[in-house]
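The next block holds one structure in the form of structure tokens; read it before the comments.
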Amino acid sequence: MKKRKAFAILIGGTLSLAVLACSMTKTNATEPSMKEQLEQLSGTYLDLVPYSYGQAFGQRIFTFDNSKWTLEFTLGLDPELHQKVFQFRTYGTYQVLDRSTLVPNTYNALFREEKKFLTLLTDNTDLIEAFGFGNCQLELDKEKDISEAGCALWAAVEVCDEDHDLLALDAEGLLYFGVRPPDNNMCTADRRPTTLTAPVSKQ
């Protein structure tokens, strides 16, 4: 129960579909479609302000380059991320698939993860236990490759190397992803989110 409660804070808030539908990119015959723009993402996108995950706060930093992507996600207990708990890092390739039938102006996407890394950023034993890090042989402030063994709710790459997600881009160039489930499992298409997180902004 502790693990489920701890990871439940990773669920982001949702957006009104009506608001989203009004704010998404409008295209015409001379402009790239949203799908083309998503396929050609380049540069760094991040949460300008740490994003609220229930009782904790996180910051996502995505980079895109020629259909490749990376993510660095840092979770902390305060809005300024002074009390950090962990950082998760992954990278791979991605594909933009068909339009979502559940979320307007949004595409289904497939993110492949070649490697997964985890860095423990707290020495609080209660937090370490609550997040399920106790058996992962993590050392404080040292990044560990968890690709083979996995850790807590991050499965080994051999077990799960895919994230079935959502992608959308609005008229201001803000980028949206799907809200992750409490168990962090988006390994199959039936686990794809049905709502969007707050956006990340290009730097």
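Here are the numbers:
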{"quantity": "Stretchable slack from Asn185 to Val49, in nm (0.36 nm times residue separation minus alpha-carbon distance)", "calculated": "46.4 nm"}
{"quantity": "Paramagnetic reach from Glu162 in the stretch 184-203 [backbone N under 14 Å; point 7 Å along Cα→Cβ]", "calculated": "186-193"}
{"quantity": "Extension gain (nm, one decimal) between Asp141 and Ser42, 0.36 nm per residue minus Cα-Cα", "calculated": "32.7 nm"}
{"quantity": "Residues of the stretch 144-186 with amide N under 20 Å of a point placed 7 Å along Cα→Cβ from Asp98", "calculated": "163-169, 178"}
{"quantity": "Radius 14 Å from Cβ of Leu174, net charge of other residues (Lys, Arg +1; Asp, Glu -1)", "calculated": "-1"}
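Here, each number is a calculation from the coordinates, and none is a lab measurement. From a predicted model like this one, the values you see are computed outputs, not experimental measurements. Methodologically, a virtual Cβ is constructed for each residue, glycine included, from the backbone with ideal geometry; neighbour enumeration extends over all protein chains shown.
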